[in-house]
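All remarks here apply to the structure that follows.
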Amino acid sequence: MDPSPKDGESAAAAEPSRGAAPSSGVVVQVREKKGPLRAAIPYMPFPVAVICLFLNTFVPGLGTFVSAFTVLCGARTDLPDRHMCCVFWLNIAAALIQILTAIVMVGWIMSIFWGMDMVILASKYS
């Protein structure tokens, strides 16, 4: 027994269409929006980034402080419209935040993640 189409429905709508293109998908583009402190992380050579990660792991903020000086040596950042002195001071501010909040473990964790970001950026753009 075939079920009859209900009122308002046609028989063509009840059976799937053959040869029709599959439903079109939506393309989504994801772009990471970085704040000024995060965008100020310099693209360093890989060995320097690993040293900064090591320093940040054992002395919170020290690797970030060292990375600030690589900006003065010409390291590129995601803030091309800002002067290198401004980016240098943003990195110094990030280092101070890490040092001052290390007492409550937040700065130490932030410092390790900051060092990991340095290594990721160095490996991605070396």
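Numbers below:
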item	result
Residues with amide H under 5 Å from that of Met44, placed H, sequence gap 5 or more	Ala122
Per residue, in Å², the accessible surface of the stretch 43-123 once ligands and nucleic acids are set aside, probe 1.4 Å	54 Å²
Mean separation of Cα contacts under 8 Å (6+ apart) over length of the stretch 45-104, as relative contact order %	35 percent
The stretch 43-123 - Rg and Dmax from Cα coordinates, angstrom	11.7, 35
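The values are calculated or read from the model by the stated rules, or taken from the named source; none is laboratory data. In this text the structure is predicted, and so the values were computed from the model without any measurement. When the accessible area is computed, the model is the full protein with side chains, heavy atoms only, and any ligands, DNA or RNA have been set aside. Shrake-Rupley method; radii C 1.70, N 1.55, O 1.52, S 1.80 Å.
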